[in-house]
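Below you'll find the structure, written out as structure tokens, and then a few comments.
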Amino acid sequence: MLNKFFSRLIGSLLLSFALTGVVSAESVKIDSIVVNHKETVVTVSGSAKAGSVITIKVIRPDGVTEDFVGQTIANADGKYEFTYKLGEGAAEDQRYEVYVFTDDENAALKAMSGFKYYNDVSIARALDLLNSSSASGVSEVIKEKNEVFALPIDSESDYYKLKDKSSVHAAIAGKGFSNLESLRTAFLNAVAIERQLEYEEELRQNAIKRINDASPAEIEKAVADAAEILNIRMNTSSFKGLSDESEAGVFNVMTNTSFVTPEDVSGTFDKAVAVFAVKGGNRESIASVFEEYDNVLMISKNSKYSDMSEDQKANVRKKMVGISFDDINLTTEAGLESALTKISSVFSNAVDAVSDNTSKNTGSGGGGGTQSKKFGTVMLPQDDVMPPKTQNNGSFADINDAPWAKESIEFLAEKNIINGFGGNVFKPNDNVTREQFVKLFVAAFNIPVTDTQMSFSDVKENDWYYMYVSAAVNAGIIKGIDETRFGAGENITRQDMAVIADRTMNYLGITIPETTQEKTFMDKSQIADYASEAVRTMQMGGIINGISDDEFAPELNCTRAMAAKVIFELYSLVDRD
């Protein structure tokens, strides 16, 4: 979609140079005058009667001397264009007048316009002014010097139509531009990005409005159509497993709720699915609800439950079956909150009951054993997964698409460490996001889930991945892409995959033996400093190889097949007893 914006912006750029004081009749017009200041070349283009002879005359700033006289012919579409080079001693920062005549019976002036020429010195002065301006002052500089910059800022431009231009101003403020080409490129990129963001925000707002306005008969389609743009999770196994009655209950809540933000919509939908899935669930299906809707149920925050054995957890879930919500109105968001409070209370009581019963049967006061390093069951990615029981003994129809990872995928699937999608597919070449990859390692290697305070703006307490990121940060396994942002939703790179794998092994106290000689990848200089040692360790340990014998591709996205391969290779290094 960005390519479409770039094409449109570049087209606007070519039509944006100085074009002032236009006088025209119906038969001929000057559409644009493009000045290449560096090459001192001027291109005049416009429209006229097809086949007519166009005479172009350019008068120098003294108002008398002709700088150019020439002729061309309008094509079958009625378009004409003529390019000429400015004469010697071109006048800087002064107006040249352009006159256009036709060969019709009037033989009279039909259109006029003008342009100014700027030499290297005046261009440099304009760039210096821009480079020394703050983001708040860029707008005035652009307006003042745009005859030099020739940026598309007129009322027809995408820049003019932006609701918020501050990001564009910030993108070109104080960047030290040395030429007009680099300035224009940065400007076009910034405008295209902001236009894309505003377009997506417009889509989101339209989707929210459609959901708010939907009738009970329209709500399901309105939510389904908005699922992708609003991050509504309609492809979880918990939602797909709802009975018709429970599914209707979810959409009834959506009909009766007024939404403002995308988070309002996706959050209410998650709450509704979680409540109705628990309400109508059994011991096995509630396990999936706990996994998929931890963002609203907060199961992982209960450390006592996290430390339980699988049998104990199953007993807790058994006590969750058949909760009565007869005293709660489940048609409103307020009712959902009451239901979630009740689920939390029943869950806490069940955990305490199972824990007390275990203590009575085994005797209390002992120190217990050390934490097991066994792998857990992992669903990757967070959405679109099938429960382990639906797997086909680890065999998938599409894993020949990544033959080098076939053994890893089949082995880990048989162990229920990773799962596939519906239709007996694994999608080995799909990318993995940063939060999905972190969740994979936290769950697979039993990293203790904690509630570490974080300052990431894109990791909120109600996000499904909050506790996994918290656990990984607390264990020193991952950091954000900067001090304020974790990078949620962004695909994880191969070099970051190596870093997380290395830090996880360090956390577990596992030393990766060197089984092969170090390779000098031709793109070694592209590997970030923070990742270079991890890449070296993983490569010499035979855990992560290059995408070829001489290329590591540090910035390439990690795929599901790559993730499976890394887990499989690390599996043999971890004590599984």
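If I go through segment 336-356 residue by residue, how many of them are touching a residue at least 24 places away in the same chain (Cβ under 8 Å) and within 39 Å of the chain's Cα centre (by Cα)?
The total comes to 10.
Might you check whether a residue that is under 25 Å from Y530 (Cα atoms), surrounded by 19 or more Cβ atoms within 10 Å (Cβ to Cβ) and modelled with pLDDT under 80 occurs anywhere in segment 435-443?
Yes, some residue in segment 435-443 is under 25 Å from Y530 (Cα atoms), surrounded by 19 or more Cβ atoms within 10 Å (Cβ to Cβ) and modelled with pLDDT under 80.
Select from segment 166-193 the residues that are touching an Asp or Glu at 6+ places or on another chain (Cβ under 7 Å) and farther than 28 Å from I33 by Cβ and list them in ascending order.
Across segment 166-193, the qualifying residue is only S167.
Counting only residues that are part of a helix (DSSP H, G or I) and among the β-branched types (V, I, T), which one in segment 528-577 is farthest from the chain's Cα centre (by Cα)?
That would be T537.
Looking at S237, S324, S266 in this structure, which one is modelled with pLDDT under 90 and polar (S, T, N, Q)?
Exactly one of S237, S324, S266 is modelled with pLDDT under 90 and polar (S, T, N, Q), namely S324.
Has segment 105-123 got at least one residue that is crowded, with 19+ Cβ neighbours inside 10 Å, farther than 19 Å from V148 by Cα, modelled with pLDDT under 90 and outside the structural domain of V141 (by TED's automatic domain parsing)?
Yes - at least one qualifying residue is present in segment 105-123.
Answer yes if at least one residue in segment 197-217 is over 21 Å from the mean Cα position of the chain (by Cα) and of a type in the set (F, W, Y), and no otherwise.
No, segment 197-217 contains no residue that is over 21 Å from the mean Cα position of the chain (by Cα) and of a type in the set (F, W, Y).
Can you find, within segment 472-524, the residue that is farthest from the chain's Cα centre (by Cα) among those that are in a helix (DSSP H, G or I) and small (G, A, S)?
Among them, the one singled out is A501.
Identify all residues within segment 230-241 that are surrounded by 16 or more Cβ atoms within 10 Å (Cβ to Cβ) and either more than 28 Å from the chain's Cα centre (by Cα) or in a helix (DSSP H, G or I) (or both); write none if there are none.
L230, S237, S238, F239, G241
Considering only residues that are part of a loop (DSSP other than H, G, I, E, B), without any contact (Cβ under 8 Å) to a residue 40 or more places away in the chain and closer than 26 Å to G249 by Cβ, which ones fall in segment 291-335?
Within segment 291-335, G322, S324, D326, D327, I328, N329 meet the criteria.
Identify all residues within segment 21-80 that are acidic (D, E) and closer than 14 Å to T102 by Cβ; write none if there are none.
Of everything in segment 21-80, just one residue is acidic (D, E) and closer than 14 Å to T102 by Cβ, namely E26.
Pairs please, first residue from segment 420-433 and in a strand (DSSP E or B), second anywhere and of a type outside the set (V, I, T) and at pLDDT below 80, Cβ atoms under 6 Å, 6+ apart in sequence or on different chains.
Note: pairs meeting the criteria are F421/D384.
I'd like to check something: does segment 186-208 contain any residue that is on the phi > 0 side of the Ramachandran plot and crowded, with 16+ Cβ neighbours inside 10 Å?
No, because not a single residue in segment 186-208 is on the phi > 0 side of the Ramachandran plot and crowded, with 16+ Cβ neighbours inside 10 Å.
Has segment 54-66 got any residue that is in a loop (DSSP other than H, G, I, E, B), hydrophobic (A, V, I, L, M, F, W, C) and over 26 Å from E147 (Cβ atoms)?
No, segment 54-66 contains no residue that is in a loop (DSSP other than H, G, I, E, B), hydrophobic (A, V, I, L, M, F, W, C) and over 26 Å from E147 (Cβ atoms).
Based on what the data block shows, is K221 surrounded by fewer than 16 Cβ atoms within 10 Å (Cβ to Cβ), on the phi < 0 side of the Ramachandran plot, outside the structural domain of T331 (by TED's automatic domain parsing) and charged (D, E, K, R)?
no
Residue by residue through segment 148-165, note down the ones that are out of contact with any Asp or Glu (no Cβ under 6 Å at 6 or more places or on another chain) and surrounded by 14 or more Cβ atoms within 10 Å (Cβ to Cβ).
Across segment 148-165, the qualifying residues are V148, F149, A150, L151, P152, I153, S157, D158, Y159, K165.
Which residues, taken from segment 397-416, are buried (at least 22 other Cβ atoms within 10 Å of the Cβ) and in contact with a helix residue (DSSP H, G or I) (Cβ under 8 Å, 6 or more places away or on another chain)?
Within segment 397-416, I399, A405, S408, I409, L412 qualify.
Among the numbered criteria (1) modelled with pLDDT of 85 or more; (2) exposed (fewer than 13 other Cβ atoms within 10 Å of the Cβ); (3) under 30 Å from A171 (Cα atoms); (4) acidic (D, E), which single criterion is violated by E144?
(2)
Filter segment 204-222 down to residues that are more than 13 Å from V265 (Cβ to Cβ) and not acidic (D, E), then give me how many there are.
The total comes to 4.
Only one of T511, T504 is hydroxyl-bearing (S, T, Y) and crowded, with 23+ Cβ neighbours inside 10 Å. Can you tell me which?
None of the other options fit; the residue is T504.
Out of K209, K221, K175, I need the residue that is of a type outside the set (G, A, S) and not in a helix (DSSP H, G or I). Which one?
Being of a type outside the set (G, A, S) and not in a helix (DSSP H, G or I) holds for just one of K209, K221, K175, which is K175.
Of a type in the set (A, V, I, L, M, F, W, C), in contact with a strand residue (DSSP E or B) (Cβ under 9 Å, 6 or more places away or on another chain) and within 27 Å of A190 (Cα to Cα) - does that describe any residue in segment 121-144?
So far as segment 121-144 goes, yes, one or more of its residues are of a type in the set (A, V, I, L, M, F, W, C), in contact with a strand residue (DSSP E or B) (Cβ under 9 Å, 6 or more places away or on another chain) and within 27 Å of A190 (Cα to Cα).
Say we look at segment 242-274 and pick out the residues that are part of a loop (DSSP other than H, G, I, E, B) and more than 29 Å from the chain's Cα centre (by Cα); which of these is nearest to I219 (Cα to Cα)?
Checking each candidate, the answer is N256.
For Y80, indicate whether it is farther than 22 Å from K38 by Cα and without any contact (Cβ under 8 Å) to a residue 60 or more places away in the chain.
yes
If I ask for residues that are surrounded by 18 or more Cβ atoms within 10 Å (Cβ to Cβ), of a type outside the set (V, I, T) and in contact (Cβ under 8 Å) with a residue 40 or more places away in the chain, which ones from segment 242-264 would you list?
Answer for segment 242-264, where residues must be surrounded by 18 or more Cβ atoms within 10 Å (Cβ to Cβ), of a type outside the set (V, I, T) and in contact (Cβ under 8 Å) with a residue 40 or more places away in the chain: G249, M254, F259, P262.
Does R576 count as modelled with pLDDT of 90 or more and among the basic types (K, R)?
Considered against the rule, which asks whether it is modelled with pLDDT of 90 or more and among the basic types (K, R), R576 comes out as no.
Tell me the residue from E97, E81, E39 that is at pLDDT below 90 and either surrounded by fewer than 17 Cβ atoms within 10 Å (Cβ to Cβ) or not hydrophobic (A, V, I, L, M, F, W, C) (or both), please.
Result: E39 is the single residue among E97, E81, E39 that is at pLDDT below 90 and either surrounded by fewer than 17 Cβ atoms within 10 Å (Cβ to Cβ) or not hydrophobic (A, V, I, L, M, F, W, C) (or both).
The values are calculated or read from the model by the stated rules, or taken from the named source; none is laboratory data. What you see is a predicted model, and the numbers here were worked out from it, not measured in a lab. Cβ atoms come from the backbone with ideal geometry, glycine included; neighbour counts cover every protein chain shown.
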